[in-house]
1. In degrees, nearest 10, range 0 to 90: what is the angle between the Cα axis of helix 132-148 and the longest Cα principal axis of the chain?
2. Just subtract the alpha-carbon distance of residue 71 and residue 6 from 0.36 nm times their residue separation and send over the number in nm, one decimal.
3. Would you order 83, 30 from fewest to most other beta-carbon atoms within 10 Å of each residue's own beta-carbon?
4. Only helical DSSP H runs with n ≥ 4 go in: add -39500 (n - 2.57) per run for the chain, normalise by residue count and round the 222 nm mean residue ellipticity to 500 deg cm²/dmol.
5. List 138, 114 from most exposed to least, where exposure is judged by having the fewest other Cβ atoms within 10 Å.
6. Please report the relative contact order for the range 1-148, taking Cα pairs under 8 Å with a sequence separation of at least 6, and give it as a percent rounded to a whole number.
7. Arrange the following residues from fewest to most other Cβ atoms within 10 Å of their Cβ: 118, 61, 44.
8. Using Cα centres only, tell me the gap between the range 83-154 and the range 9-54 in whole Å.
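We did not get these values from a lab; they are worked out from the coordinates using the rules stated. Quick caveat: nothing in here was measured; it's all calculated off a predicted structure. All Cβ positions, even for glycine, are placed from backbone atoms using ideal geometry, and neighbour counts span all protein chains on display.
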């Protein structure tokens, strides 16, 4: 096997692509003593930017509400990275981008979320570790079920 055929994976750049913080009920919301309901959503996207170079973006959205209608805060962080991925079989490219890259990006997104929530005047939100492989497999299963018209049993 020639050296050119060896798989290559390297991190070229990690950066915050977008950061949004909203505190719609300020300043009255800071007088609340009730524990909020915190909701976390994750989304991963990848795109080719050059030959063998990909941008992967992990977007983490954290919202906190009291009751159904009173929002404490909404924080959205799009943590991105530019990765060099070469000589990887086409079938393995998507799992690398949707599992491997988010595993690298998540600690940075987690820190950005915690810092943004703290700077907004609230107790830090410490995100639990995420199993991106399980999320990827679950998403693939949903896509396969939609393609075949199957309805998942709940």
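1. Helix 132-148 sits at roughly 80 degrees to that axis.
2. On the way: separation 65, 0.36 × 65 = 23.40 nm, distance 5.05 nm.
Computed gain between residue 71 and residue 6 is 18.4 nm.
3. Working: 83 25, 30 11.
Fewest-to-most ranking of 83, 30: 30, 83.
4. Values: 3 runs with 42 residues, N = 154.
Theoretical 222 nm ellipticity from helices: -9000 deg cm²/dmol.
5. On the way: 138 11, 114 18.
Ranking 138, 114 by Cβ neighbours within 10 Å, fewest first, gives 138, 114.
6. For the range 1-148, the relative contact order is 26 percent.
7. Values: 118 12, 61 16, 44 19.
The fewest-first ordering by Cβ neighbours comes to 118, 61, 44.
8. Measuring centre to centre over Cα atoms gives 13 Å.
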